[in-house]
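Below is one structure; the comments refer to it alone.
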Amino acid sequence: MVAKHRVQSEKKKESAIETLNFVLDSKFLSALAEPSRIEVLKQVIRSGKADISELTKNLTIDRSVISRHLSILQEVGILEREKSGKHVYYELNPRVAIQKFRNILEHLEELVAICCPPIESEQSSKK
């Protein structure tokens, strides 16, 4: 009986690890791993809805690099893109960004509950 429970527990743990690995290796987190891309994102947040001309005013990064960073952030859902005539405007898509962070947190919490259950003395001290 104990062995069967241990096998089920290990399968649950492996499944949670695989899911978390998938979430942590996602394009979403990769998009946030580049410091200059974070600077572009900060500028979009400060500017609100803005086109690349507006964004380049306050960044020391080459315009083509900014454009590439904007495309990557838009591809993963962090930014929304809207074309109006000759201009392309970018703005934060907070609903998607927050949902993706919640998803990461949920999977992390699931893994912690499986892999690192609280020690009994910790539970007692919280009561």
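Nothing in this text is a laboratory measurement; each read-out follows from the coordinates by a stated rule. All figures in this text were calculated on a predicted structure; none of them were measured in a lab.
Residues in region 58-64 carry Karplus couplings, in order, of 10, 10, 8, 8, 4, 4, 5 Hz; the curve used is 6.51 cos²θ - 1.76 cosθ + 1.60 with θ = phi - 60°, and Gly or Pro positions show x.
Computed on the chain, with alpha-carbon pairs under 8 angstrom and 6+ residues apart, the relative contact order is 28 percent. Using only Cα atoms and rounding to the nearest 10 degrees, what angle (0 to 90) does helix 35-47 make with the longest principal axis of the chain? The angle comes out near 70 degrees.
Using modelled amide H (1.01 Å from N, peptide plane; none on Pro or chain starts), what sits under 5 Å from the amide H of Glu34, excluding residues fewer than 5 places away? Here nothing satisfies the definition. Computed on region 2-114, the Cα convex hull volume stands at 98 Å³ per residue. Here the Gaussian network model covers the chain, with springs between Cα atoms less than 10 Å apart; of Ser67, Ser30, Ser84, Ser84 fluctuates the most.
Once backbone amide H atoms are built at 1.01 Å from N, Asp51 has Tyr90 as its partners under 5 Å, excluding neighbours fewer than 5 places away on the same chain.
Applying the Karplus relation 6.51 cos²θ - 1.76 cosθ + 1.60 with θ = phi - 60° to region 100-114 yields 3J(HN,Hα) values of 5, 5, 4, 4, 4, 4, 4, 5, 5, 4, 4, 5, 4, 4, 7 Hz, where x marks Gly and Pro.
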